Amino acid sequence: MPPPGRKPLLLVEDEPDIRESLRDLLADAGYPVLTAANGREALECLRTSPERPALILLDLMMPMMGGSTFLERLEQEPKDLAAIPVVVLSAAKDSATRNLATVGRIEKPIDLDELLECVKRYCG
Amino acid sequence: MKRLSRLHMRLGPRMAGLARPAALDDRPADLEPLKVLIVSDCADVEELARLHRETGVDATVVTTGYQAIKMLAGGEDYAAAALDARLPAMANLGLAALIRNCEHGRNLPLGILLPQGDERPVRFAGQENAPVELIRQPLEPERVRGKLQWLIEHERRQRALVLERAERHRLEAALRQSELRYRMIGAATRDLLYDWDLLRNTVEWNHAICDEYGYPEEILESAFDFWYAHTHPEDRARVSAALDQLLRGPESRREITYRFRRADGSYAEVVDRGYVLRDSAGKAVRVLGAMQDQSAQKQAERTLREREERFRRGQERLQRATQAARVGVWEIDLPDWTIWRDEQHDRLFGHEVPLPEWTRETLLAHVHPDDRKRVRGNQDRAIRERGSYAHEFRVVWPDGSLHWLASAGRTECDAEGRPVKIIGTVRDATETKAIESELREAVRARDEFLSIASHELKTPLTAISLQAQIIRRATQPNAPPNAIERVPTLVDQMDRQVRRLARLVDDMLDISRLALGKLALHLETFDLAELAREIVERMAPEITSIGSTLSLDAAEPVIGHWDRFRIDQVLVNLLTNAARYGEGKPIEVAVRATATQARLTVRDHGRGIAFEDQERIFQRFERVASEATPGGLGLGLFIVRQILELHEGSIRVESVLGEGSLFIVELPRATPRP
């Protein structure tokens, strides 16, 4: 069970296997997890969620709305949402994704220890 | 009777000619009429003079010794003189001695007219210098004339002899002169000169026979056989025939070309110009000639011809090459910009018929407005820097079409370094530009593919990696108790991801095979309806898992001869796409047949494909949109179309945005060509 008072994190990932595995793992580690399959769902989730997430884990290449577009849209959201730190889960090593306004970056395939450490930093 | 008269009668040469008796006609025409001086005061001298004149002799009569000396001293040239011994001046034959003292009398034949009974001895100084004839009385004019005539004839013979001697001398001098000239010509031209004496059958050569042909000096005069033997065997018959004809006449000149052997055994190609001399009977007695060695000249002519031929062929080749390569050549004369160019140049600017004139303004008017500044600038800079340039620019043809041209030019300077010319070429670059753009597009598509491929391959890897890590954690002692329960699900997921990875790798291999033309079909007879059923059953769980439904309409068996594995691949691909873009709505598969065709359709009710994208999706590496629509290499539909085309079948799509897509596959039921 997650310790009480812990803020949730938002996981945005289109690949169901990855999304579900990460959700289960983070839940086991005691973090409340919100999930979205693409950028559009993620924005929707942020607007409707009663509790503001402490961190967004964001995949880049997704259908409907990819990670880059989501980041642009996020900037236009109210300040409390726009200020949420974003860590990119990236398969691509190209430089274009490095200039994104994000706080961190975890390369795929994902190392779980690295991920948990990162999440701990932002969510306690 | 003594009649003193002074007669000086002279007949002009013309009248003398008319009056001349036939007997004297063979006298040399150039001789002056002979003149005789008669010194006497006897009345008969008139008769004597008349008699002389009848025979064409110019007789001058004087009556005193003084007059006689005066005539001689005046330079008159007499053939003979008759002196009357009765004259006072002839006392002691003084006048005769005086005459012998004169320049013109020193060798003058003299007739001395002696009166009857005058027996004095005739002796005077200088008597022996010339004939002296004593003419005794009676002095009958006829007899005196006879005697004088003898003296005259004598003198005439003497004079003829002198003339002949002089003539011979002159001829000899002329011969020597012509001989000298002949040798000099030989030396100057290196011609081989010869003098063939037909009577002796000897040939005299000039020194060229030694200097130019290498023979020893003893050959300078040799038998005709030498000549004949050194004529090339193949030319002998022809040369002999030509010589025979020359000797027979009537022509006296002949030119023959033949080969004449040098001492070293090589042959000279000679032009022999011969001139034949004949005797009074017309018989050939001598042949004079010159042999000109044309070997070097012929070689030079051949070399020149070859060089010209090579140059001409080179020119032709260049022209053909520039035409074939569609390269135009141009030259700009500076500083006034007079432009010369070939026909190809104008063709490249869209003028099949060359323009009468081409100026810089003509050029710039053809260049696309956006490129003018650059073209002008490059040319100006090349002139300024005495350098070269190469640029590509667009031109608008008179028919309005757009073409790319590539032009290169180089500035040439005079001795003072002033630019005087730009020369260069221009060629069509439209095709090159199109290829360049295709290449750029291909590189872009490849880069995009690599980026997508990297993502697509990493996604299953990421899933597998995560699942493996979770399984490891679940098996650790401090794992939550329920963690182990999820392991079977995780293993199933891993299995699915591995299959997905394998499919991606297969797609990439297929692409590689298709690119190399190595994708071979393994044909067998099977029922397409049955295959579709199998695939639908196989795919149903996956499609159901994303909230969609899958149905099949295949009432009748559709038997055909196809590659089962590849047709399986086609349908799986179409279903995967339908699931990916179908937005969870029902997917319908149908199999139908006509007499010749099998028809397989896959319909979804998803987002649909815009009309402008409907062809593009069948291209390699193409997907409708990259970021918003991931989940594929963009190879699926490309491979599908390639497989169907190998079967001589086809695929097309009918789609409306927002309403879904219908993919229609048609396959011939007859066996396609192997």
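Matching residues to (1) crowded, with 18+ Cβ neighbours inside 10 Å; (2) farther than 30 Å from B:Arg347 by Cα; (3) in contact with a helix residue (DSSP H, G or I) (Cβ under 6 Å, 6 or more places away or on another chain):
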site: B:Trp397; (1), (2), (3): no, no, no
site: B:Gly400; (1), (2), (3): no, no, no
site: B:His403; (1), (2), (3): yes, no, yes
site: B:Glu412; (1), (2), (3): no, no, no
site: B:Ala415; (1), (2), (3): no, yes, no
site: B:Pro419; (1), (2), (3): yes, no, yes
site: B:Leu466; (1), (2), (3): yes, yes, yes
site: B:Val487; (1), (2), (3): no, yes, yes
Is it true that B:Ala296 is exposed (fewer than 13 other Cβ atoms within 10 Å of the Cβ) and of a type in the set (A, V, I, L, M)?
yes
Residue pairs, Cβ under 7 Å, 6 or more apart or interchain, first in segment B:324-344 and touching a residue at least 12 places away in the same chain (Cβ under 8 Å) and over 18 Å from B:Pro356 (Cβ atoms), second part of a strand (DSSP E or B) and of a type in the set (S, T, N, Q). List them.
B:Val327/B:Thr425; B:Val329/B:Thr425
Of everything in segment B:493-519 that's within 20 Å of B:Phe449 (Cβ to Cβ) and within 14 Å of another protein chain (Cβ to nearest Cβ), which residue is nearest to the chain's Cα centre (by Cα)?
B:Leu504
Of all residues making up segment B:372-413, the number that are part of a loop (DSSP other than H, G, I, E, B) and of a type in the set (A, V, I, L, M, F, W, C)
1
From the list B:Ala468, B:Ala453, B:Ala483, B:Ala463, pick out the single residue that is within 14 Å of chain A (Cβ to nearest Cβ) and in contact (Cβ under 8 Å) with a residue 40 or more places away in the chain.
B:Ala453
Identify the residue in segment B:335-371 that is out of contact with any helix residue (DSSP H, G or I) (no Cβ under 6 Å at 6 or more places or on another chain) and part of a strand (DSSP E or B) and, among all such residues, is surrounded by the most Cβ atoms within 10 Å (Cβ to Cβ).
B:Arg341
How many residues are touching a residue at least 12 places away in the same chain (Cβ under 8 Å) and within 22 Å of B:Pro419 (Cβ to Cβ) if we restrict to segment B:345-361?
4
Could you say which residue among B:Glu217, B:Glu269, B:Glu255, B:Glu251 is exposed (fewer than 13 other Cβ atoms within 10 Å of the Cβ), in contact with a strand residue (DSSP E or B) (Cβ under 7 Å, 6 or more places away or on another chain) and not polar (S, T, N, Q)?
B:Glu255
Of all residues in segment B:589-614, count the ones that are buried (at least 18 other Cβ atoms within 10 Å of the Cβ) and among the acidic types (Asp, Glu).
1
Just for segment B:489-507: of the residues that are surrounded by fewer than 17 Cβ atoms within 10 Å (Cβ to Cβ) and among the aliphatic types (A, V, I, L, M), which one is nearest to B:Arg473 (Cα to Cα)?
B:Val491
Condition (residue is touching a Leu at 6+ places or on another chain (Cβ under 7 Å) and acidic (Asp, Glu)) applied to segment B:484-505: is it met by at least one residue?
no
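Working only within segment B:298-333, note down all residues that are among the basic types (Lys, Arg) and either within 17 Å of the chain's Cα centre (by Cα) or not in a helix (DSSP H, G or I) (or both).
Hits for segment B:298-333 are B:Arg302, B:Arg305, B:Arg307, B:Arg310, B:Arg312, B:Arg313, B:Arg317, B:Arg320, B:Arg326.
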Restricting segment B:551-588 to residues that are surrounded by 15 or more Cβ atoms within 10 Å (Cβ to Cβ) and polar (S, T, N, Q), which is nearest to B:Arg669 (Cα to Cα)?
B:Gln569
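Bear in mind that the values in this text are calculations on the coordinates, not laboratory data. Worth saying up front: this structure is predicted, and the values here are computed from it rather than measured. Note that we place each Cβ from the backbone using ideal geometry, even for glycine, and neighbour counts take in every protein chain shown.
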